Amino acid sequence: MKKYILTIACMLSSLVMFAQQGEVLTVAEQMPVFPGGEAGLNDYLQKNIQYPEDAKQSATEGTCFVTFVVSSTGEVTGAQILRGAAESLNREALCVVNAMPKWQPAMQSGEAVSVKFTLPVRFSLTVPPDKDKKSKK
């Protein structure tokens, strides 16, 4: 009887370890980092977002909240719109997120882990006042 209990306990602990390896966290001790940090992410978005022509013509603006997983290897996977704007803006936000380079993965207890991340992607046709001031200097 003790043999069976020990065997079952070993099997259960193996299953728990397997589940933890595939687990996607929402918070980690060290969150994932885009190459170049926040400034690098902003630069990437500015350089790669192509404002959809139909949205330009109809003066459509808005923020798309894209959720995705940064895997334990740093790859961006499972991108989807959490809360969107116009359909063409949503498509562009997803396209840019799916094309992102590898991130530095999150770390938990010294090991790389997968973490769910939400990124607001703002589409604006107007120049914010602080940016306008900088360009006039």
Scanning for something among the aliphatic types (A, V, I, L, M) and either at pLDDT 95 or above or under 12 Å from the mean Cα position of the chain (by Cα) (or both), does the range 35-42 turn up at least one residue? yes
Look through the range 25-84, keep the residues that are of a type in the set (Phe, Trp, Tyr) and in a strand (DSSP E or B), and return whichever of them is surrounded by the most Cβ atoms within 10 Å (Cβ to Cβ). Phe68
The range 98-114 residues that are under 12 Å from Thr73 (Cβ atoms), paired with ones that are of a type in the set (S, T, N, Q) and not in a loop (DSSP other than H, G, I, E, B) (beta carbon under 8 Å, 6 or more apart): Pro105/Ser114; Ala106/Gln30; Ala106/Ser114
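The values are calculated or read from the model by the stated rules, or taken from the named source; none is laboratory data. Because the structure is a prediction, the values reported are computed rather than measured. Cβ: placed from backbone, ideal geometry, glycine included. Neighbour counts: every protein chain shown.
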